[in-house]
Structures are given as structure tokens and as C-alpha cells.
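Asks: If you scroll down you'll find the structure; I have some questions about it.
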Amino acid sequence: MSDVDFTLNGETRSVSVGTTQSLLSLLRDELELPGSKNACEQGECGSCTVLMDGAAVCACLVLAADADGSDITTVEGMASGDVLHAVQDALVAGGGVQCGFCTPGFVVAAAHLFESEPSPDRDQIREALSGNICRCTGYGAILRSLEDLAQR
Amino acid sequence: MTVTGTRTRGGIGESVVRPDGVPKVTGNFAYASDLTAEGMLWGATLRSPFARARLVRLDTSAALAIPGVHAVLTQEDVPGRPTFGQIVADQPVLVDGEARFWGEPAAIVAADDPDTARRAVAAIDIEWEELDPLVDMEEALELGEVFRHAPVRRGDPDSSGPVVVEGFYEIGMQDQAPLGTEAGLAVPDGEGGVDLWVTSQWTHEDHDQIWRSLDVKPGQVRQHPSGIGGAFGAREDMSLHIHVCMLALRTGRPVKMVYNRAESFPGHVHRHPARMWFRHEARADGTLTRVQARILLDGGAYTDTTPAVVANAVYFAVGPYRVDNVHVDGYGLRTNNPPAGAMRGFGVVQACFAHESQMDRLAAELAMDPLELRKRNALATGDPLATTGQIIETPLPTTDVIDRVAAMPLPAPDESEDPRRLPGGTGLTTSRSDVVRGVGYAVSIKNIAFSEAFDDYAEARVVLTAAGAEVHTAAVEVGQGMVTVLAQIARTALGVDRVAIVPADTGAIGSAGSTSASRQTQMTGGAVLEAARAVRELALQRGDGDDLTSEGVWRSGELVMTLDELCESGPLSHHTRFRHPPTEEPDENGQGTLHADFAVAAHRAVVDVDPELGLVRVVQVDTAQDIGLALNPQSVRGQIEGGIMQGVGLAVMEELVLDRGVIRNASFTDYLLPTFLDAPDVEIELIEEPSPWGPFGAKGIGEPPTISSTPAVVAAIRNATGRELNRVPVRPQDITGT
Ligand code: FES
Ligand code: FES
């Protein structure tokens, strides 16, 4: 076990974690933040994407111990109170959500994209989100939702 | 009655947003894998490492001795019926002396935390004697390992046509790969019963199997609807349901189980691999005179839904075409390959790849335009279905879907050197000058809802209170958007805007049937329409009015009773059980009125191929689909695009690689799924000719997009390369010929 101090969705947290525990397991199983999803635990699907010091990372590939000193934002930290993040709003309005299991990962990855590039074009959106698998939508509605947002 | 609808917001025809959209984007939507309970234990599973093996020794004592381990159970611990299964209960709850597929559960554990549970699984002392697995379909047929043989004999067996084409076709095993893996939480009720939240497509069917194996009374198991991360057929048959209940009842504590991805691959049924031989005969003008086919489907070790999948493959073997002489034999075979059952398209996917490949082959033989050939033989209302002889009484716009898709503009040739638009993608393997474009078409017909005399029904209850209406149903939302559409139907039928869907457990209402076979919009939608109309009638009677809106009851344009006043003496409620028109059992020749409704679709695929490297990029897939009526245009589009993506996946990349029954690529690293960069552009034409029994004329829409998109993509690759390509998925070496 090791002690980890970090900022999680704007709050400072101190927890002790197992040496082999992933950040995803820490979030889901211990910190009661099940929004980040576990669909592969191999860094292949992006369902577990969180922001770590401003970078989008797969929480399943990050050791919880390595979160020490970092600033983590999960999908639960994207909205401000009842006000959705623009990306969240766009996905709901544009039909970019079906089963929703991929959605938390898309929300975080897309928010990250829009932070660095406020009006991405089609190919930029597709490339930036190519690490996030969606099995339901065929990506069309996700693309349209985010293109709409990019043009706003 | 009159349906006003005009003053109702969020009724049919609008792209109403999902009620679960906001919880899903904020991470607050609870999936089965997110549930917890006070004092909860974690389950884990020990699995067979062989496709076939005799269980020599199984000793749980070392595992039980680990601190924090509360139960280790084997087949001997199953309290009731030792087997389960939807059509035939032939699968042991846990290995019963012989493992019959790779990954078959042999023992289950409950422990304080997931780590301890995993350590306990590793500590179980188990010895296997590996046996020779049966993995070849032809061999299984020779050995008589047949779940079902479905024959069709129609017309003159000796008829023949002057023009003949034959082909042999193969389909690899596709995985549904829903993003949410199998998960469940069982909570004992302290009185010998259990409440279960689990990934399921049909809670009542599961329930009927679970209580039998637990040896409790039916009402003592309550299966609740739960948040589900996709299904596509994978949850039509049970996975960990009985296991997690057994552990909960044995320990007296809530138990949660979640499969990891590696377990999920063998942990659910898959699309049946197929080997098919087809012979088409025609006159010189292209009129089909005879179709003969032999279809083998690999069902794995247990029955699951294989008999119904075989039926679909056989009855839709000809596709949406007229022909008077048909001779088909379909077999579902028992092997030691991974389990096979339902996946989107359910048997028709396999048959359609073969019959559409044949139609192209025949067109080439006749030197005829492939679409012209299809139109010449297009099945229409009033025709008998070529296989079963059932007269099609519902609208069937086969010619229309073909014409509409053919009339859609083709994408401009791509000159771009941007690797994101080239076959092989950002691997920078191909340059534009090496790329050839191809175009291909395919057409399909699919049955809607359950067939062959199955008593297919859906229950719903609509309750009107001063706060609005509630729709109670056990129908499972798996992501497809049923909850949105049911509320829209209720709003339009009632005239009331505020409608909430209340998911009901198996004890609270009767079955809504399975969320499969493209059936829920028509079936539970039909039930909701019936119940909502009845409640509206009750309201008009109670208020002595002629119209109902969100404000209340109206008479001659005047509000005569508010909703509050209307419901003062209690809520208005109606419960209904909706059935589709009855269907028949097939006779010994496969003849009869076997199906309740049909839908047709046509697809056109445009591909860019690097023939030297065997790389494909699917540029665009356009479709015209017969949908009855678009209840929610945005949802319709979402279903069509998602379905096409899965069809494209089967065409060019998705396959479980098997080696003596063992899956060699049971991970997302090795089982390739289409990503954003693989997604084609999709243009859609909707054909709206009302179904006679779908709510407001709507038809099921979920499966057709997956069916003919696969052969359309392959036809396009053939068009680009001149290769025969008789197998999907098409691999690079199939294109390069090396
Ligand atoms: S769960 Fe982390 S990438 Fe799939
Ligand atoms: S919405 Fe289901 S996986 Fe994306």
C-alpha cells in the first residue's frame, strides 16, 4: 500500500492504494466514482478516459500510485453543478448517446479536444476520438453532435 | 377514437431526446456493473481451459480456507434443476463432469473483494483430462450432432433453368462485443428469495430458468431491469445469472459479479459461423426458376437459440425474391466451438451474404445489371415468400428500396492523400495512386418479432395521475432508445405530455418479451398504444368529454375537468397484453404462415481498396430501409448507422479466431472493432409504408441495417478487385491472393 494525495474533480483527496491497483479501480471501486467505465482494461476502448494534469489518459493503464500529486478530472467532474459541459449537451441533443457505456470516455476525450482546438473539423474529430470505441452508434451521431458544437 | 396529438409535445414523429441521455453523459447512469449493496461480496469464476475435457478432480478446500472467502460452489451445489437453456435446458449450470467449450464455468467463488475472489479461483485444485474437441461442422453433421434440421421443399423438385450459378460461402464467428461486459448483483431477501439486477435482454425468460435451478418458487426470484451497456443478442441467453444468485443464497449476502473482457468473449453466445452452398437457376431473361441451398451453422455445445437461428437462415435463404421452386436444408450443429446464439440479424445475416453474392454472380453470368436482375425478381405484396409459401400481405417495398438507393448520389472520387482517408489509415501504408474504388449493392428481407407459432406477447400498464402518465413495462432498454419511443407513443395516444417510463421487475408485471428480433417498438410499443388509448377512453368517460390534453378533459373546445380533478377519485389505469397476428408451425416441407411481419432494406457500399496490400477503407454506405413510420427520426438514424457499422465490421475485420475451439483473440487488442476512422459516411432514405399492426404503422428497424450492409461491402470490394471473395470477414490475403 502507498499513500496518494491528489486533486480529484477539484477536491483534494488522500487515500492509500494497492501497489498494483489501477486508477480506474481506485475511482470505481473505492472512491464511488463509477462514471469512468471498464470495458477492456487494456487501453483499447477509451471508456475509462480521464484527464490527468490536462492530458487524456486511460485510467485502466495508470497505476493509482502514480496519481500522487496529480490533478484528475473524471466524467463526474465535467459539468458545473446542473450546467452540462458543452460537449455533454451536444451529445445528448445530437443523439450521440445510445447505451452510453462509451459515453463518459467520449465526453472526456472530446472535452479535451475542444480545449486545445475549439473548432475542430471532421477529420480532426475522427482522429482525436479514434481511441474511443463505440459499439452502438456507428459514430455518425457523435460526429454530428461535435461538428455542431464546433460550428457554434 | 381520435388522436389529436397536435397539442402534444414529444409525441411520435419528433426527434425527442433520450430521457436517460443526461445521466449517461454525466456518468450518473447506473449500469449493472456499477451497482453496490451493503455487505456485498464479489464473485469470480473458474473456467475450463480446454474446448473439451473430462473433469478428473475438483477440490475446493484450499480455496475455502483463504480468509475472506465465503463460498466456493460447483455443479453439486446447484439446488434445483441442474441445467438451463431457453429452448432446451441442456447446459449444466457449472461443468457436470465434462467441459464442452473453452471457458465453460466450472466453479464459482464469493469473497470479500475481487482480489481475494480471484486468488480463491486460482487456489481451487482442479485436474482436467483434455479430450479431442469436435470443431468441424461437416464432421458434426456426419456424427448426427444436430440441434435442428430445417428443410424447405417448395415447387417442382425437377425444375431447372438454363443459366446456373453455384457458390460456396463462409462466415466467421462475430462477437457482439457490447461495451458493457456481463454483470449482475444478487441480493438475498432473507426469506429464501433473491432480487437480481443483471445484464439481460428478457428478464421474464431468465427468471423462468433461474428459479428452477435455485429450487425456489417463481415469485421468490425478482429480476429487475438494469442499466445495460449494449446487447446485440449477446444477452438473449443467460450468463452469470444463476451463479450470482446461488452465491447470494448460500452466503446470505449480496454478491456482485462482473466479467472482465477476456471472460466476456467466451461468456456469451456469438453469431453462428456458417458454411453454405447455393445453386441458383434462371431463365436467360433473368427470371429465377429454382434456388437450392445447404446451410450449416455452428451452434457450439448447447442449444441456446440455435433452432430459431437455423429457421431464419433457411426461410430467408432466397432473400426478397420470387421463385417457385426452392429446395433448402439448414442444419444447426453441436460442436465444441464457443457458444452461438443470437446476434443482430439472427441467421439472416449468414443467408443474405450467400444469396446476394449469388445474385451478383448470376447477373455476371447473364451479363445483366445486378440491380435490374434483383428488380426483375423483386418480391412484392401479394407474392408468396419463396421458401415458406406465405403470402405477403403487408407492404413490402422491395423495388422501392432498390430504386431509392440506386438514385442516391455517389460520393466524389477522393483525391486526398490524407492518411485518415486512405486504406490502412494513419499507418501511412498506402498512397492514393495505388487505390481502386469499388461500388456494390445488396438487398435483404428480415422477419420482425418471433415466428413459427411462438406465443409472442408484450404486457404494459399505463397509469394516469395528476402528475402525468406512467408506462409500466418489463421491456429491457439495452441502449436502442426504446424508452424514448414508448413515451412518444404514450404521449400521442393519450394527448398528455408528461410521460414517465417505469421499468418493472418480473414480479410487478408480465413479460414484455425479448428485446430482440427488432420487436420491441412493434410489440411493447403496440401494448403501450393499446393501454394508452384505453386510458384516454376512461378519461373521456369520467370527464364526459371529447378530448384529453395535459390540462385535462375538454368538451367542445372547453376545458371541463383539469387533470387534478380527473384523478381526484384515483388514477386511471389500463393493463394490456398485446399479441401480433398469430403465426403457424412449419409443415414437414417448411411451408406455412410462419412470420408476423417483414422488412426490406437495400445497401450500397463504396470502398477504396489497395489491391496489392489487401487494405480496404469503406468510404460510404448508403441505404434505403422500409421502416413503416419514423417514430423518432434521430433514433432511426442512430439504429441504422450503428447497424451498418456492425455489418461493415463483419465484412472486413471482425472475427473470433478459433484454434481447436479455443478463442485466440479474446481481447480488444486482438479482436478488431471498427473505430471512428473506420466509420463510413452514411446516407439514408426512409421508406414509410405502414405496417398493419405496428404502432401508428411503425416497423422494427434494428436488424436490417446489419444484414445487407455486409454483402454490399463485399460486392464493392469484388467490384474494385475482381476477386471472388466467398468468405467474410474479407482478410488482406483474400484480396492479395497470397
Ligand atoms: S477500459 Fe481502459 S481503455 Fe478500455
Ligand atoms: S453508445 Fe453504446 S457503446 Fe457507444
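The values are calculated or read from the model by the stated rules, or taken from the named source; none is laboratory data. Please read these numbers as outputs of a predicted model, since none were measured by experiment. Quick reminder, even Gly has a Cβ in these numbers, built from the backbone with ideal geometry, and neighbours come from all protein chains shown.
Asks: Among what's in region B:9-30 and is buried (at least 23 other Cβ atoms within 10 Å of the Cβ) and within 7 Å of chain A (Cβ to nearest Cβ), pick the residue that is nearest to A:T73 (Cα to Cα). Break it down into steps so the answer makes sense when it comes.
Replies: Here is the first cut: in region B:9-30, the ones buried (at least 23 other Cβ atoms within 10 Å of the Cβ) are B:11-12, B:18, B:21, B:24-25, B:27.
This time we only want the ones that are within 7 Å of chain A (Cβ to nearest Cβ), so: B:18, B:21, B:24-25, B:27.
On the way: B:R18: 26, B:G21: 21, B:K24: 17, B:V25: 14, B:G27: 12 Å.
Going through the qualifying residues, I end up with B:G27.
Asks: Listed residues A:S22, A:S14, A:S80; which is out of contact with any Gly (no Cβ under 9 Å at 6 or more places or on another chain), within 13 Å of chain B (Cβ to nearest Cβ) and farther than 20 Å from A:T103 by Cβ?
Replies: Numbers: A:S14 fails: within 13 Å of chain B (Cβ to nearest Cβ); A:S80 fails: farther than 20 Å from A:T103 by Cβ.
Of the residues listed, the single one that is out of contact with any Gly (no Cβ under 9 Å at 6 or more places or on another chain), within 13 Å of chain B (Cβ to nearest Cβ) and farther than 20 Å from A:T103 by Cβ is A:S22.
Asks: Looking at (1) hydrophobic (A, V, I, L, M, F, W, C); (2) surrounded by fewer than 21 Cβ atoms within 10 Å (Cβ to Cβ); (3) over 37 Å from the mean Cα position of the chain (by Cα), which one does B:L58 not meet, given that it meets all the others?
Replies: Going through (1) hydrophobic (A, V, I, L, M, F, W, C); (2) surrounded by fewer than 21 Cβ atoms within 10 Å (Cβ to Cβ); (3) over 37 Å from the mean Cα position of the chain (by Cα) one by one, B:L58 breaks only (3).
Asks: Can you name the residue in region B:172-183 that is more than 16 Å from ligand 2 (Cβ to nearest atom) and part of a loop (DSSP other than H, G, I, E, B) and, of all such residues, is farthest from the other protein chains (Cβ to nearest Cβ)?
Replies: Step one: of region B:172-183, the residues more than 16 Å from ligand 2 (Cβ to nearest atom) are B:172-174.
Next, from what is left, pick out any that are part of a loop (DSSP other than H, G, I, E, B): B:172, B:174.
On the way: B:G172: 18, B:Q174: 12 Å.
Filtering first and then ranking leaves B:G172.
Asks: Has region A:128-140 got at least one residue that is over 22 Å from B:T706 (Cα atoms) and within 12 Å of ligand 2 (Cβ to nearest atom)?
Replies: yes
Asks: Looking at region A:83-105, can you tell me whether even one residue there is away from ligand 1 (no atom under 15 Å from the Cβ), more than 7 Å from every other protein chain (Cβ to nearest Cβ), assigned to a strand (DSSP E or B) and within 18 Å of the chain's Cα centre (by Cα)?
Replies: The answer is yes; a qualifying residue exists.
Asks: Going by what's in this entry, would A:S130 be described as over 13 Å from the mean Cα position of the chain (by Cα) and either surrounded by 19 or more Cβ atoms within 10 Å (Cβ to Cβ) or at the interface with another protein chain (Cβ under 10 Å from one of its Cβ atoms) (or both)?
Replies: yes
Asks: Further question: Just checking, does region B:425-448 include any residue being of a type in the set (A, V, I, L, M), without any contact (Cβ under 8 Å) to a residue 24 or more places away in the chain and either assigned to a strand (DSSP E or B) or surrounded by fewer than 24 Cβ atoms within 10 Å (Cβ to Cβ) (or both)?
Replies: yes
Per-residue answers, yes or no, for (1) buried (at least 24 other Cβ atoms within 10 Å of the Cβ); (2) among the small types (G, A, S); (3) under 20 Å from B:F598 (Cα atoms):
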{"position": "B:G628", "(1), (2), (3)": "yes, yes, yes"}
{"position": "B:L631", "(1), (2), (3)": "yes, no, yes"}
{"position": "B:G649", "(1), (2), (3)": "yes, yes, no"}
{"position": "B:E655", "(1), (2), (3)": "no, no, no"}
{"position": "B:R664", "(1), (2), (3)": "no, no, no"}
{"position": "B:P695", "(1), (2), (3)": "yes, no, yes"}
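Asks: Which one of B:A651, B:A666 is away from chain A (no Cβ under 12 Å) and in contact (Cβ under 8 Å) with a residue 12 or more places away in the chain?
Replies: That would be B:A651, the only listed residue that is away from chain A (no Cβ under 12 Å) and in contact (Cβ under 8 Å) with a residue 12 or more places away in the chain.
Asks: Check A:V4 against each of (1) in contact with a Lys or Arg (Cβ under 9 Å, 6 or more places away or on another chain); (2) aliphatic (A, V, I, L, M); (3) within 7 Å of ligand 1 (Cβ to nearest atom) and name the one condition it does not meet.
Replies: (3)
Asks: Step by step: first the residues of region A:106-126, then only those that are crowded, with 20+ Cβ neighbours inside 10 Å and within 7 Å of chain B (Cβ to nearest Cβ), then the one that is nearest to ligand 1 (Cβ to nearest atom). Which residue is that?
Replies: Ranking the qualifying residues of region A:106-126, first place goes to A:V107.
Asks: Tell me yes or no: at least one residue of region B:357-372 is part of a loop (DSSP other than H, G, I, E, B) and more than 26 Å from B:D403 (Cβ to Cβ).
Replies: Within region B:357-372, none of the residues are part of a loop (DSSP other than H, G, I, E, B) and more than 26 Å from B:D403 (Cβ to Cβ).
Asks: Go through (1) in a loop (DSSP other than H, G, I, E, B); (2) closer than 30 Å to B:F346 by Cβ; (3) not assigned by TED's automatic domain parsing to the domain that holds B:P503 and name the single condition B:E417 misses.
Replies: Evaluating B:E417 over (1) in a loop (DSSP other than H, G, I, E, B); (2) closer than 30 Å to B:F346 by Cβ; (3) not assigned by TED's automatic domain parsing to the domain that holds B:P503 leaves (2) as the failure.
Asks: Tell me, which helices (runs of 4 or more DSSP H) wholly within region B:643-738 include 1 or more residues that are closer than 22 Å to B:F232 by Cβ and modelled with pLDDT under 95? Even if it seems obvious, please write down each step before you answer.
Replies: Values: elements: B:704-707, B:709-721, B:732-736.
In region B:643-738, no matching helices (runs of 4 or more DSSP H) lie anywhere.
Asks: To continue, here is another question. I need the full set of residues from region B:596-630 which are outside any strand (DSSP E or B) and within 14 Å of another protein chain (Cβ to nearest Cβ), in order please.
Replies: B:A630
Asks: Ok, one more. So, in region B:397-442, of the ones that are among the small types (G, A, S) and under 14 Å from B:P680 (Cβ atoms), which residue ends up farthest from the other protein chains (Cβ to nearest Cβ)?
Replies: Just the residues of region B:397-442 that are among the small types (G, A, S), to begin with: B:406-407, B:412, B:416, B:424-425, B:427, B:431, B:433, B:438, B:440, B:442.
So of that shortlist, the ones also under 14 Å from B:P680 (Cβ atoms) come out as B:425, B:438, B:440.
On the way: B:G425: 8, B:G438: 21, B:G440: 19 Å.
The qualifying residue farthest from the other protein chains (Cβ to nearest Cβ) is B:G438.
Asks: Can you report the number of residues in region B:373-398 which are touching a strand residue (DSSP E or B) at 6+ places or on another chain (Cβ under 9 Å) and outside any loop (DSSP other than H, G, I, E, B)?
Replies: Going through region B:373-398 one residue at a time, the tally reaches 7.
Asks: Just to be sure I understand, how many residues within region A:131-152 are more than 20 Å from B:P178 (Cβ to Cβ) and within 16 Å of ligand 1 (Cβ to nearest atom)?
Replies: 0
Asks: Separate question: Has region B:181-201 got any residue that is within 28 Å of the chain's Cα centre (by Cα) and farther than 29 Å from B:A234 by Cβ?
Replies: No, the conditions are met nowhere in region B:181-201.
Asks: Same structure, new question: If you check every pair at least six apart or on different chains, which have Cβ atoms under 6 Å apart with a residue in region A:28-47 that is on the phi > 0 side of the Ramachandran plot and within 7 Å of chain B (Cβ to nearest Cβ) first and a residue that is near ligand 1 (Cβ under 6 Å from one of its atoms) and in a loop (DSSP other than H, G, I, E, B) second?
Replies: A:E41/A:C60
Asks: Contact list please: Cβ distance under 9 Å, first residue in region B:232-255 and on the phi > 0 side of the Ramachandran plot, second residue among the β-branched types (V, I, T) and crowded, with 24+ Cβ neighbours inside 10 Å, pairs at least six apart or on different chains.
Replies: B:F232/B:V478; B:F232/B:T706; B:G233/B:V269; B:G233/B:T305
Asks: So, one more: Given region B:188-285, what strands (runs of 3 or more DSSP E) lie entirely inside it while holding 2 or more residues that are modelled with pLDDT of 95 or more, within 14 Å of another protein chain (Cβ to nearest Cβ) and more than 16 Å from ligand 2 (Cβ to nearest atom)?
Replies: The strands (runs of 3 or more DSSP E) meeting that bar are B:255-258.
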